[in-house]
Amino acid sequence: MKQLVGVLLALACLQVQAAEEQTVVLISIDGFRHDYIELHGAPNIAKIAEQGVRSDGLMPVYPSKTFPNHLSIVTGQYPSKHGIVDNNFYDTERQQRYKMGDGVKDSTWLTTLPIWNLAEFQGVKAATFFWPESEARINGRTPSYYFNYSTPAPNRQRINQMVEWLKLPEAARPRLITGYFSIVDTMGHRFGPESHQVAKAVKHVDELIGELWQRIHDETDVPVNLILVSDHGMSQITAQDMIDVNALNINEDMFEVVNAQTRLMIYPKEETTEQQTQELKQRLMQQAAQFVVESEQQLAQLGVTDGPRKPAIVLGTQAPATFTTRPQDQRKDGGTHGFHSSRDMDGLFVATGPAIKQGGELKRFSNIHIYPFMAKLLGLELMTEIDGDAAVLAPIIR
């Protein structure tokens, strides 16, 4: 009799556990600024936000670039910890340059545990339809299902595939899905954040998100929690305010120079002495007018720690100024990101679903807190040290 009671209790526990199992669909809309819903009109996203929670803004980590921030969202770590410190950078120990997506060919560029690995290691299947470095074999694993980030795919195909994943039999179905759309960012760079081209891109993505959410309800019976984020916002830049890198006269026989547009990163080569580095730094400080030489204290406050990927000298700008190597006749107005965190750099955060409370104010917060939030929704135990804090988003969980 006792054995029977034990079996029944165990079955009851399993049933409760199964009933509580949640699914997370995380969608990134690259370059979707915090105010685009109102500025350009995104009624579907606005409606989804009314069903759940929307923050006043999502603060990017430094620098506010695509790859560092996408990795921070899915790791809960600052770039110095997860390894991807910019879209492009130099490593003085490896004596190599990283450019976007190099982790696919060599996963040792990444020193982290992304959410899809955390899930897979704990028996939860994951699927990614594009996310920076999501197809890299990190810690020897990939998501159960993924698409190569660089492979062209129509936006609607991405929606179709995510719905199909959710319709798989339970044993094969992923409980974590990530998706990614780049068109808003692309139009923002070309035409600026307040352009009609960005408005058109916002409306296109808004229709896709609305379709996805409707189809999840109509075609599946899975308890899906939808999280909409963006990696950063966008600021207007002007050709007349661009700073000519060549005019700074940095000796590239002595220094590796990486132009990140909003930042100039300078790394000493092996034979370059500390004195030569300091002499260059002092000269640049005297030249500084449209830019600043970032102090060690400022970099530390931004989460930058010592290591081979930390530049010896960082020059920073504020919108509308940027660094360029283009001749004057090839410079154009447009938009960009990568500046220090500001309202223009704030992205989007919207969450809704059966595990998310409806309504309530949510102040702007750093994107490093999304990782422990997703882990909690999925019932995952954290396995590594992170910078994010689960307490930040705990109040919006039912």
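The values are calculated or read from the model by the stated rules, or taken from the named source; none is laboratory data. In this text, all values refer to a predicted model and were calculated from it rather than measured experimentally. Neighbour counts are summed over all protein chains in view; Cβ atoms, including those assigned to glycine, are modelled from backbone coordinates with ideal geometry.
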Going through segment 292-315 in order, the residues found to be in contact with a strand residue (DSSP E or B) (Cβ under 9 Å, 6 or more places away or on another chain) and farther than 20 Å from THR272 by Cα are VAL292, GLU294, GLN298, LEU299, VAL304
Segment 311-393: strands (runs of 3 or more DSSP E) wholly inside it with 3 or more residues that are of a type in the set (Ser, Thr, Tyr) are none
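Conditions tested, residue by residue: (1) of a type in the set (A, V, I, L, M); (2) on the phi > 0 side of the Ramachandran plot; (3) modelled with pLDDT under 95.
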site: GLN3; (1), (2), (3): no, no, yes
site: VAL7; (1), (2), (3): yes, no, yes
site: HIS40; (1), (2), (3): no, no, no
site: PRO43; (1), (2), (3): no, no, no
site: LEU58; (1), (2), (3): yes, no, no
site: SER64; (1), (2), (3): no, no, no
site: PHE89; (1), (2), (3): no, no, no
site: TYR98; (1), (2), (3): no, no, no
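Residues being more than 26 Å from GLY338 (Cα to Cα) and either in contact with a Phe, Trp or Tyr (Cβ under 6 Å, 6 or more places away or on another chain) or hydrophobic (A, V, I, L, M, F, W, C) (or both): count how many of those fall in segment 188-208.
1
Rundown of residues vs (1) among the aromatic types (Phe, Trp, Tyr); (2) crowded, with 22+ Cβ neighbours inside 10 Å; (3) more than 17 Å from SER28 (Cβ to Cβ); (4) not assigned by TED's automatic domain parsing to the domain that holds GLU120, yes/no style:
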| site | (1), (2), (3), (4) |
| --- | --- |
| VAL163 | no, no, yes, no |
| ARG173 | no, no, yes, no |
| LEU176 | no, yes, no, no |
| THR186 | no, no, no, no |
| ARG190 | no, no, yes, no |
| PRO193 | no, yes, yes, no |
| LYS200 | no, no, yes, no |
| ASP206 | no, yes, no, no |
Listed by first then second residue, the pairs whose first member lies in segment 272-296 and is closer than 23 Å to GLN261 by Cα, whose partner is part of a loop (DSSP other than H, G, I, E, B) and not basic (Lys, Arg), with beta carbons under 6 Å and at least 6 positions apart or on separate chains, are THR277/ALA312; GLN290/ALA321; PHE291/THR317
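Residues checked against (1) at pLDDT 95 or above; (2) surrounded by 14 or more Cβ atoms within 10 Å (Cβ to Cβ); (3) more than 29 Å from the chain's Cα centre (by Cα):
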site: ASN249; (1), (2), (3): yes, no, yes
site: MET254; (1), (2), (3): yes, yes, yes
site: LEU299; (1), (2), (3): yes, yes, no
site: LEU315; (1), (2), (3): yes, yes, no
With criteria (1) more than 29 Å from GLY192 (Cβ to Cβ); (2) in contact with a helix residue (DSSP H, G or I) (Cβ under 7 Å, 6 or more places away or on another chain); (3) hydrophobic (A, V, I, L, M, F, W, C), LEU315 comes up short on (1)
Pairs returned, first residue in segment 204-222 that is without any contact (Cβ under 8 Å) to a residue 12 or more places away in the chain, second residue that is surrounded by 20 or more Cβ atoms within 10 Å (Cβ to Cβ) and of a type in the set (A, V, I, L, M, F, W, C), beta-carbon separation under 9 angstrom, 6 or more apart or interchain, are HIS217/VAL224
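Under the condition of being in a loop (DSSP other than H, G, I, E, B) and free of Cβ contacts under 8 Å to residues at least 12 places away in the same chain, which residue from segment 99-120 is surrounded by the fewest Cβ atoms within 10 Å (Cβ to Cβ)?
LYS105
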When segment 256-276 is checked residue by residue, the ones that are closer than 16 Å to PRO311 by Cβ and surrounded by fewer than 18 Cβ atoms within 10 Å (Cβ to Cβ) are ASN259, LYS269, GLU270, THR272, GLU274, GLN276
By residue number, the members of segment 78-98 that are farther than 17 Å from SER64 by Cα and surrounded by fewer than 19 Cβ atoms within 10 Å (Cβ to Cβ) are ASP91, THR92, GLU93, ARG94, GLN95, GLN96, ARG97
Picked from segment 218-229 (must be of a type in the set (Val, Ile, Thr) and assigned to a strand (DSSP E or B)), the residue farthest from GLU21 (Cα to Cα) is VAL229
Per the filter on segment 119-171, residues at negative phi and among the charged types (D, E, K, R) are GLU120, LYS125, GLU135, ARG137, ARG141, ARG156, ARG158, GLU164, LYS167, GLU170
